[in-house]
Every structure is written in structure tokens, then in C-alpha cells.
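I have placed the structure first, in the form of C-alpha cells, so that the comments after it can refer back to it.
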């Protein structure tokens, strides 16, 4: 296909139009991040706060976040505290200002690694503990001669199968999702080395 020989004319955008467009994109991104909150296993408000900090690229105070999202100060404080504990957001200071400011991680790989680790800790680990308890309740040591009962054996085998599968998934998660380098390695296995990088913009 022949390329258009005419160079694209630069679009003239007024400063006011730029600010409006940036505000629209910011709002759309924050709403999208809120809609995706169930993916991360967090509240919508927490996701929106994180989305605002990430897309803005700014260090914002609790008052800034409260004003831009229209939520209560207490709601901001509670969710910011959790985001800081998870490592997704860090607290920073500005010279001459006694208030705390907050900024998001910029590294997407590291961000999703932390989200995956938190979801595993809160959702997968309790499931594994319960399955271990169920299996231990059906062993010969726990049931004695009744462990030979067909129903007990069936229950034991099905719990054991589920536990074996989830344990394997846990080991894979530990292998690939304990660091952002691990996630990149997993992507390489699926789509090939460096496939996720932006395409080379230079013409050959």
C-alpha cells in the first residue's frame, strides 16, 4: 500500500480545549477504574482514588482527592491508608506544606503485581486453608475405620483433587507474580519475547 505523500497538518488546539480534553479523559479513566474495581477485589471508591492518582500523575492531598471525586474526607483517609499499605500509593511531602500528599506507582507491571498479590492473600489463601482443614477431617487419622466409607472416600478424593489443583496454581502464581519481572516472563511464554513492547516507530 502506498503511503500518503502529504504530511499531516498539525492540529491547532487552544489551551482551554486542551484542559477540557484532559479533564474528560481523566474523568473517563477514573470511572473505568471504578467499574473495574471488582476485578481487583476492592471497593469502587478505592479504585477511583487510585485511578485518579495514576492518570493525573500528580501528588495530591486528601483535600484535593476529596474535591475532585466528591467523596467524604473520612472515605478518602480510609482508602488511602489501605493503598499506602499495599504499596500502590506512597506518601510524599512538599516543601513549605505540612499536609501529606499521595502519588501512585507509575510502573504498570509493578502495580498489577501488587494487586495480584493482595487478591491472592485475601481470596486464595483462605480457600486453601479451608480445603486443608476439610481434607484433614477426612483422613484415617481423623475418621479411623470410617475413612473406608464410600462417601468419606469420595469426599476426600474430591477435596484432594481441588486442593492439588489450587496448590499448583498457587505455585505458578508464586513463580510468575511475585515480581513484575515474573509477569513479564509469563507474557513471554504466552506471546513471545518482548511482544508487549510498543512497536518500533522508525521506518525500515
Practice task
Take the alpha-carbon centre of region 68-94, take the same for region 17-33, and report the distance between them in whole Å.
Solution key: 20
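Where does region 65-126 land on the Kirkwood hydrodynamic radius, alpha-carbon pairs, in angstrom? Each step should come with its number before you reach the end.
On the way: mean 1/r = 0.0753 Å⁻¹.
Taking the inverse mean of 1/r over all distinct Cα pairs, region 65-126 comes out at 13.3 Å.
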Problem - Inter-probe distance in nm under a simple model that places probes 7 Å from Cα toward Cβ, at residue 38 and residue 94 - result: 3.7
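Classify region 15-104 as rounded, prolate or oblate from the Cα gyration tensor: take a ≥ b ≥ c as the square roots of its eigenvalues, call it rounded if a/c is under 1.5, otherwise prolate when a/b beats b/c and oblate if not. Mind dumping the intermediate values first?
Details: a/c = 1.78, a/b = 1.06, b/c = 1.69.
Oblate, because a/c is 1.5 or more while a/b does not exceed b/c.
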Practice task
Please give the length that would be gained between residue 134 and residue 18 if that part of the chain were fully extended, namely 0.36 nm times their separation in residues minus their C-alpha to C-alpha distance (nm, one decimal).
Solution key: 35.8 nm
Problem - Length released on extending from residue 161 to residue 141, taking residue separation times 0.36 nm less the Cα-Cα span - result: 5.3 nm
Problem - Spin-label pair residue 151/residue 123, simplified geometry with 7 Å Cα→Cβ offset, distance in nm - result: 3.3
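Every number in this text was worked out from the coordinates using simple rules, so none of it is lab data. All of these numbers come straight from a predicted model, not from anything done at the bench. Methodologically, a virtual Cβ is constructed for each residue, glycine included, from the backbone with ideal geometry; neighbour enumeration extends over all protein chains shown.
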